[in-house]
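Report on the structure given below.
The values are calculated or read from the model by the stated rules, or taken from the named source; none is laboratory data. A quick note: this is a predicted structure, and the numbers were derived from the prediction, not measured. As a convention, Cβ positions derive from the backbone with ideal geometry for all residues, glycine included, and neighbour counts pool all protein chains shown. Protein only, heavy atoms only, side chains kept; ligands, DNA and RNA dropped before computing areas. Shrake-Rupley method; radii C 1.70, N 1.55, O 1.52, S 1.80 Å.
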Amino acid sequence: MERKVARLIAAGHTNRLAAAALLVSPHMVNTHLASIFRKLSVHSRVRLARIVLAEGDPGTATAD
């Protein structure tokens, strides 16, 4: 789920839009986003987007 959230946020989705796309609450997206930020030691959505884009999105075909 965190990879899906990261990809949506990197694509420019707000927490609400990402939540709607994933059929979860905005609070759940925020919780996953906080976990992602902590794990990657990032403090902004822009930095997260750069990491996701640099990764080349290899997790697309994997189950999250």
Item to complete: Pairs only if they're at least six apart or on different chains, beta carbon under 6 angstrom, first in region 1-30 and touching a residue at least 24 places away in the same chain (Cβ under 8 Å), second assigned to a loop (DSSP other than H, G, I, E, B); list them, first residue then second.
Response: Met1/Asp64; Arg3/Asp64; Lys4/Asp64
Discussion item. Looking at (1) in contact with a helix residue (DSSP H, G or I) (Cβ under 7 Å, 6 or more places away or on another chain); (2) open to solvent by 60 Å² or more (accessible area, probe 1.4 Å); (3) of a type in the set (S, T, N, Q), which one does Thr31 not meet, given that it meets all the others?
Written reply: (1)
Item to complete: Please work out which one of (1) among the small types (Gly, Ala, Ser); (2) closer than 19 Å to Leu53 by Cα; (3) open to solvent by 60 Å² or more (accessible area, probe 1.4 Å) is the condition Ala10 fails and give its number.
Response: (3)
Worksheet item: Taking interchain pairs and intrachain pairs at least six residues apart, which have beta carbon atoms under 9 angstrom, with the first residue in region 36-64 and at pLDDT below 85 and in a loop (DSSP other than H, G, I, E, B) and the second open to solvent by less than 60 Å² (accessible area, probe 1.4 Å) and charged (D, E, K, R)?
Response: Asp57/Arg7; Asp64/Glu2
